[in-house]
């Protein structure tokens, strides 16, 4: 992978609890506090279509490559800025260690689980 292939902008988000004013709270997605938007290579891997509750549901999986970072978690979401702010669910983070230049992320477009 060369740096020039990191040509897509993505933003990492994490779930945050927000007080709703009625004594409770709600959960919203918010940008990470530090360096949330980065350059990435986004490659579609597979697509699948199925039925759920009598509705057609499709899932597309992506491999996302970014410069190495160690502060990511599989419970995050990615906003693909270069593709109409499409939301992607992080499913796995593959970090080859401190000597690796890149981190690979597996994500999909389906419903968050």
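Read the figures in this text as sums done on the coordinates, not as results from a lab. A quick note: this is a predicted structure, and the numbers were derived from the prediction, not measured. Every residue, glycine as well, gets a Cβ built from its backbone with ideal geometry; the counts of neighbours run over all protein chains shown.
Could you tell me which of rounded, prolate or oblate describes segment 3-108, using a ≥ b ≥ c as the square roots of the eigenvalues of the alpha-carbon gyration tensor, with rounded for a/c under 1.5 and, failing that, prolate when a/b is larger than b/c and oblate otherwise?
Details: a/c = 1.99, a/b = 1.16, b/c = 1.71.
It comes out oblate by the Cα gyration axes.
Compared with the alpha-carbon gap, the fully stretched path from residue 60 to residue 1 is longer by 19.0 nm at 0.36 nm per residue. Between 71, 31, 95, the GNM of the chain built on Cα springs shorter than 10 angstrom shows 71 fluctuating the most. Centre-to-centre, using Cα atoms only, segment 15-37 and segment 78-100 are separated by 20 Å. Extending 7 Å from the Cα toward the beta-carbon at both residue 29 and residue 75 defines two label points whose distance is 1.6 nm. Relative contact order, whole percent, for the chain stands at 25, derived from Cα pairs under 8 Å and 6 or more residues apart.
Placing pseudo-labels 7 Å out from each Cα toward the beta carbon at residue 68 and residue 46 gives an inter-label distance of 2.9 nm.
Of all the options 34, 14, 43, the one that moves most in a Gaussian network model of the chain with Cα springs shorter than 10 angstrom is 34.
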